[in-house]
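Taking it in order: structure first as structure tokens, then the write-up.
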Amino acid sequence: MKAKSILIIDDEVELLDLLKIRLQDAGYEVYTAPDGKEGLEKARAQRPDLIVLDILMPNKDGYAFVKESRRDKSINGIPIIILTAKAAMQDLFKMQGVSDYIMKPFEARELMQRIEKLLNKPVKQS
């Protein structure tokens, strides 16, 4: 069975690397992008099963990414989990069709549980 794929879009290199390693260890195929512009290109090319997206980034922020991705028929059905430090934005995320959001700073275990729930994958205990 083919591994589920996840695209992580975040401009924090350390966080990107940490999440990539953690997700690969859990059996996912992982793609990364440092901003929303490259993230859209990779989403269209790779068609991941899930996108983990930061909001505040250069070149194209998370809001612009969500709006553009939801207008693109080839990727508009991909679930998105937002990583944000802005708690007050949750209603806006839901209106834009975002599947879930998680507040920064966050525990990697919590993010893994949310990813596994969205992808209907059994939780791997670590």
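The values are calculated or read from the model by the stated rules, or taken from the named source; none is laboratory data. Note that this is a predicted model, so its numbers are computed, not measured. When we count neighbours, we look across all protein chains shown, and the Cβ atoms used for this are built from the backbone with ideal geometry, even at glycine.
Within segment 63-97, being modelled with pLDDT of 85 or more and not in a helix (DSSP H, G or I) holds for D72, K73, S74, I75, N76, G77, I78, P79, I80, I81, I82, L83. If you go through segment 1-58 and keep only what is exposed (fewer than 15 other Cβ atoms within 10 Å of the Cβ) and either among the small types (G, A, S) or outside any helix (DSSP H, G or I) (or both), you end up with M1, K2, A3, G27, A45, R47, P58. Scanning segment 17-35 for residues that are free of Cβ contacts under 8 Å to residues at least 40 places away in the same chain and in contact with a Leu (Cβ under 8 Å, 6 or more places away or on another chain) gives V30, Y31, T32, A33, P34. Determine if segment 34-49 includes at least one residue that is within 18 Å of E107 (Cβ to Cβ) and either modelled with pLDDT of 95 or more or not acidic (D, E) (or both). No; the residues of segment 34-49 include none that is within 18 Å of E107 (Cβ to Cβ) and either modelled with pLDDT of 95 or more or not acidic (D, E) (or both).
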